[in-house]
1. Which numbered condition in (1) touching a Lys or Arg at 6+ places or on another chain (Cβ under 9 Å); (2) within 14 Å of Val234 (Cα to Cα); (3) within 11 Å of ligand 1 (Cβ to nearest atom) is the only one that Tyr137 fails?
2. Within segment 44-72, restricting attention to residues that are β-branched (Val, Ile, Thr) and in a strand (DSSP E or B), which residue is most open to solvent (accessible area, probe 1.4 Å)?
3. Away from ligand 2 (no atom under 14 Å from the Cβ) and over 29 Å from Glu68 (Cβ atoms): does that describe Ala155?
4. Within segment 129-248, which strands (runs of 3 or more DSSP E) (wholly inside it) include 2 or more residues that are closer than 28 Å to Cys33 by Cβ and open to solvent by less than 80 Å² (accessible area, probe 1.4 Å)?
5. Taking the criterion of being within 16 Å of ligand 2 (Cβ to nearest atom), open to solvent by less than 70 Å² (accessible area, probe 1.4 Å) and not in a helix (DSSP H, G or I), would at least one residue in segment 73-89 satisfy it?
6. Please work out which one of (1) assigned to a helix (DSSP H, G or I); (2) touching a residue at least 60 places away in the same chain (Cβ under 8 Å) is the condition Glu106 fails and give its number.
7. Tell me, please, whether a residue that is within 16 Å of ligand 2 (Cβ to nearest atom), modelled with pLDDT of 95 or more and in contact with a Lys or Arg (Cβ under 9 Å, 6 or more places away or on another chain) can be found in segment 197-207.
8. I need the full set of residues from segment 102-116 which are closer than 20 Å to Val214 by Cα and charged (D, E, K, R), in order please.
Amino acid sequence: MRILYPFNPLNTKEADEPYQEEYLAVKALGVSCSLFDFDMLEFEEFRPEPKIEPGEIILYRGWMLKPELYELLTKFIVNRGGSPLTSLSNYLKCHHLPGWYDECKEYTAETVFFPDDDKLEANIASLYWEAFFVKDYVKSNSTEVGSLATTVAEAINIVELIKKFRGGIEGGVAIRRVEEYIKESEIRYFVMNGKVYSPNSVVPQVVASIAAIVMAPFYSIDTIQNIDGNIRLVEIGDGQVSDKKSWDVSIFAAMLAENS
Ligand SMILES: Nc1ncnc2c1ncn2[C@@H]1O[C@H](COP(=O)(O)OP(=O)(O)OP(=O)(O)O)[C@@H](O)[C@H]1O
Ligand SMILES: [Mg+2]
């Protein structure tokens, strides 16, 4: 396996700043790595250094990619004789909320999906819920207002803020039931080639159950404790574009090396 990292535009021999420590740790474990110019991908230029060797399985680790750009990346990899560990469909299955929601319904907050169109307000109102957690298919609203709304007008405002600060709605709007979580209890796990990896060597039953249901090569599982003491699934993410969060870089790198 070869891992592709975006390079640092200020020093193209290094991985981009958030990935540099991981890049060094993974290389030190003997994993083949290449750097490429992330910003040029949208201009259809892809020149990873060192080059991809024919027959290599390629894992990307870097910034989130819109579906069209992920598809382009996979095409470039294939054109150079490699094969992406995560296909476009597996990327979307984990990166977009509707991709994993049906399979994981019992573990996560009830969610309905609406297109971002002129019926959105009426659609949200038709739920008659007392509160809404508002996202698009990928992320919540990170501005001060947050993602929690108690009126339809507030929910629409959050959608507008996501559009303003993230440049648009990716996929569609996801309206989730509000659950009562213990904030500090969120933990990110990773599943790679069917095996669950934990930052603290403990794997809760809920995480093992989800890993047995969701079939994709590399993804993250975020869990959190609710006020009743149950472990709930916050979200699944594609492992390639998931932040390491609280993970010690050496444990994270060891996981990648074990699967390389
Ligand atoms: N249905 C919900 N009810 C109440 N709180 C929620 C709900 N879903 C998520 N949260 C809270 O909001 C936080 C962010 O939600 P989520 O992870 O879905 O968005 P995100 O944009 O992917 O955030 P991050 O980048 O931190 O992973 C969660 O860590 C959790 O504390
Ligand atoms: Mg999250």
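1. (1)
2. Pass one, segment 44-72, residues β-branched (Val, Ile, Thr): 52, 57-58.
Okay, now just the ones that are also in a strand (DSSP E or B), so 57-58.
Values: Ile57: 74, Ile58: 2 Å².
Filtering segment 44-72 for residues that are β-branched (Val, Ile, Thr) and in a strand (DSSP E or B), the one most open to solvent (accessible area, probe 1.4 Å) comes out as Ile57.
3. Working: away from ligand 2 (no atom under 14 Å from the Cβ): yes; over 29 Å from Glu68 (Cβ atoms): no.
For Ala155, the condition - away from ligand 2 (no atom under 14 Å from the Cβ) and over 29 Å from Glu68 (Cβ atoms) - is not met.
4. Working: elements: 132-136, 173-176, 181-192, 195-197, 218-226, 231-238.
Hits in segment 129-248: 181-192, 195-197, 218-226, 231-238.
5. Step one: of segment 73-89, the residues within 16 Å of ligand 2 (Cβ to nearest atom) are none.
No - not one qualifying residue is present in segment 73-89.
6. (2)
7. To start, the set of residues in segment 197-207 that are within 16 Å of ligand 2 (Cβ to nearest atom) comprises 199, 207.
The next check asks that each one be modelled with pLDDT of 95 or more; those that pass are 199, 207.
Those still in the list that are in contact with a Lys or Arg (Cβ under 9 Å, 6 or more places away or on another chain) too: 199.
Scanning segment 197-207 turns up at least one residue that is within 16 Å of ligand 2 (Cβ to nearest atom), modelled with pLDDT of 95 or more and in contact with a Lys or Arg (Cβ under 9 Å, 6 or more places away or on another chain).
8. Asp102, Glu103, Lys105, Glu106, Glu110, listed by residue number.
The values are calculated or read from the model by the stated rules, or taken from the named source; none is laboratory data. All of these numbers come straight from a predicted model, not from anything done at the bench. A quick note on method: Cβ atoms are made from the backbone with ideal geometry, for glycine too, and the neighbour counts reach across all protein chains shown. Note: areas computed on protein heavy atoms with side chains; ligands, DNA, RNA excluded. Shrake-Rupley method; radii C 1.70, N 1.55, O 1.52, S 1.80 Å.
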